[in-house]
1. When you check residue 642 against the structure, is it under 18 Å from the mean Cα position of the chain (by Cα), assigned to a helix (DSSP H, G or I) and in contact (Cβ under 8 Å) with a residue 60 or more places away in the chain, yes or no?
2. Here is a list of conditions, (1) under 28 Å from residue 97 (Cβ atoms); (2) touching a helix residue (DSSP H, G or I) at 6+ places or on another chain (Cβ under 7 Å), and residue 158 meets all of them except one; can you say which number that is?
3. If we scan the stretch 205-216, do we find a residue that is touching a residue at least 12 places away in the same chain (Cβ under 8 Å), under 18 Å from residue 88 (Cβ atoms) and not basic (Lys, Arg)?
4. State which residue pairs qualify: first residue closer than 26 Å to residue 586 by Cα and inside the stretch 509-522, second residue of a type in the set (S, T, N, Q) and open to solvent by 30 Å² or more (accessible area, probe 1.4 Å) in any location, beta carbons under 6 Å apart, and separation of 6 or more residues or different chains.
5. Could you go through the stretch 640-650 and let me know if any residue there is of a type outside the set (Val, Ile, Thr) and either farther than 20 Å from residue 330 by Cβ or surrounded by fewer than 18 Cβ atoms within 10 Å (Cβ to Cβ) (or both).
6. Any idea which residue in the stretch 578-605 is nearest to the chain's Cα centre (by Cα), counting only those that are of a type in the set (A, V, I, L, M, F, W, C) and over 19 Å from residue 533 (Cβ atoms)?
7. Can you name the residue in the stretch 351-367 that is part of a helix (DSSP H, G or I) and either of a type in the set (Asp, Glu) or over 21 Å from residue 408 (Cβ atoms) (or both) and, of all such residues, is least open to solvent (accessible area, probe 1.4 Å)?
8. When only residues in the stretch 203-214 that are open to solvent by 10 Å² or more (accessible area, probe 1.4 Å) and touching a helix residue (DSSP H, G or I) at 6+ places or on another chain (Cβ under 6 Å) count, which is farthest from residue 179 (Cα to Cα)?
Amino acid sequence: MNIMYRSFAASTAILALLLWSFNVHLLSRYNRDKSSFFLQHPDDPVESRSLSLGRACLKARNESVPRSLYRNLPKPFINLSFPKMGTYALHEYFKCGGLHSTHQICGDKQLKCATCIQRSVKAGLHPLKQCDDADVYAQIDNGFYFPQIELLELLMESYPSGATFFLTFRSMDRWYSSICNWPPNKKLQRMNDRLMHLNITGFPAGRGRDMNEFNDWYCIHVMRVREMVAKYPLHALVEVDIEDPEMGRKLKDMFGIDKGCFGQANVNAHIHPELKHGVGLSSYFKQRQQNETLIQDIPPASPITFQAEGAKNDQSPIVMLAEAIQSDAEQFSLRPISVPVNAGRKVNLRGLDDELVRDAFLGERLFFFGDSTLRNLHMWLHYLLRMNMKDETPFSTMNLTQANRVFLDRINNDGESCQFRTELGTSNGELACKGVPGKHNTMTTILDDGATESAFLGGWGNKCTDFKDEYDAIKNFRPTILVANVGLWWFHFQKRGRERSVCIVDKWLKYEEWLDGILNLAEEAGVEVLLFKTTNLICDEKYQGEMATANDLYSSRDEQTVQKCFRSFRPKMMSATTDADILNYCINGTMNAIGSDHHNQRLLQFVKDRKHATTLKLAVLPDRNIQSCQFTGMLDGRHYHQMNLARIRLLGNVVMSLKVKE
């Protein structure tokens, strides 16, 4: 199975090199990732920072707000963006929706928001206390004083019950052109010149000589806001691309305000002559991008044809399905897809509808044994199996976001009391239902047909156990389909906040023995299909604080850090465990992308070596390959709760691909 992981051979070569130099100098120090500039204070010199990492800071994130908060975001709404970034369009949007919105002016006496903020702070009050009591503050600076920069942390601290902050985005070359041509009256000083003569935190007098310096300024501000909001679990951050032709629809989903309320205002007709005759910018950009817009509702009878760039026709259809979903989760997660295979043939991969659920799962005895990543998958399948989808609009016609909302509505319409959790951390976006413990170890589904059963049993890898009781439970259940995994619980940041015991080191080193044990168990229990689930993608960019520091140190093979890891285990390990084994764990068993990729490479190699030496149908459930960082939250980085319908669709197609084989 051609799945994109780090090269196992390269990892082995690195380990060999480290072992060669161990007696002289345990590890050579690697250069640190320059991206750490984001943790610096904004008045540090820009030259000391590396701003070339894909410029993600200049693009709106599609998933900055958990969908569970849609239509329920805490007020007030405070825009932290810069002038000419669509602040007035945001103001007009919320006014159109019936909210009390302010833009630069806070009060009936034409009092500037920046002025009343300064007065409030001087009086020892929170920044907006002496300003107009509004729902929305669309622009709080006056072009000279920027509270969103100078008082950012104070603004965050002033709303202990939560507030919603905004960042708006647009093409940076158009923004630069806008501030260089605003105001339109040529007798007045242009905004870029005025800003160059101010002394703003992070943008001292004299800076702003070209577009790059303005870009860097906004980039630093964006990253600072993102990091700051993430520290306050009750706050939300909405990121708005004002040039996105679908933004009206997206905002409607989030706030319930008609999409026609969103359009760009305060436009300079001198630099946008195409808009002189009443055509809004949103219409203009929509027309420009209409050929680039891919998301559309396609009925199940018309599969989308997917051909990955550079894909080979000898790839398996399941691999190509995973690639499609990862390339565009909204578009491809649930809809049927047609992929090319050998000799010009195409294979149609089913979308998530009643037919796929019936053919893949009904009449089967499914058993899920593993960690929370399998528990979450099973819980969504539990409700999906009990759902009558035959007379409902199939999920295979929906985008992923829409389907998640419909899924939750259908569960609750059936008498359940469920919601998507909103707190930061590993539970963000998790399905939580009344009467079901959040961290349950067991769960069983029995359908009325008398033939279909599905069960989950937790196999927590952090325990020094042989899983004898769990294995007996699997045998007694006699599943026809067994899905198993272990991984995340074995990963460490030893001596850096995620400690692991000696027995876990031994289990990690003997991972292939665990896989062999599950294979033997499955054969003994009469299992027909055995699927080993890949370990989830770990997006270490979502780490903060101690975890972020630990990741930086272990990713760079920091000498002192790896020495401490090695020395914490060596005296306690059996003599049969070599120094090389311990170093292998310290380097490749880490709680980051290195650790998960290494673990999955071992799994793939095991299945490749064993699949033709067993009578049952053995395969990998490659859900790691559909995952992307936008679907996991800050302080988590390893759970993808809002992708569970996509994972079930992938599971169904894997099962069907094995059922049709002889």
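1. In short, yes.
2. (2)
3. So the first thing to find is which residues in the stretch 205-216 are touching a residue at least 12 places away in the same chain (Cβ under 8 Å), and the list is 207-209, 211, 213-216.
If we keep only those that are under 18 Å from residue 88 (Cβ atoms) as well, we get none.
No; the residues of the stretch 205-216 include none that is touching a residue at least 12 places away in the same chain (Cβ under 8 Å), under 18 Å from residue 88 (Cβ atoms) and not basic (Lys, Arg).
4. As it stands, the answer is none, since no pair meets every condition given.
5. No, because not a single residue in the stretch 640-650 is of a type outside the set (Val, Ile, Thr) and either farther than 20 Å from residue 330 by Cβ or surrounded by fewer than 18 Cβ atoms within 10 Å (Cβ to Cβ) (or both).
6. This residue is 594.
7. 360
8. Applying the first criterion (open to solvent by 10 Å² or more (accessible area, probe 1.4 Å)) to the stretch 203-214 yields 204-207, 209-213.
In the following step, the residues that additionally are touching a helix residue (DSSP H, G or I) at 6+ places or on another chain (Cβ under 6 Å) were identified as 207, 211.
On the way: 207: 14, 211: 10 Å.
Result: 207.
The values are calculated or read from the model by the stated rules, or taken from the named source; none is laboratory data. Small disclaimer: the values here were computed from a predicted structure and weren't measured. As a convention, Cβ positions derive from the backbone with ideal geometry for all residues, glycine included, and neighbour counts pool all protein chains shown. Calculation scope for accessible area: heavy atoms of the full protein, side chains included, ligands and nucleic acids excluded. Shrake-Rupley method; radii C 1.70, N 1.55, O 1.52, S 1.80 Å.
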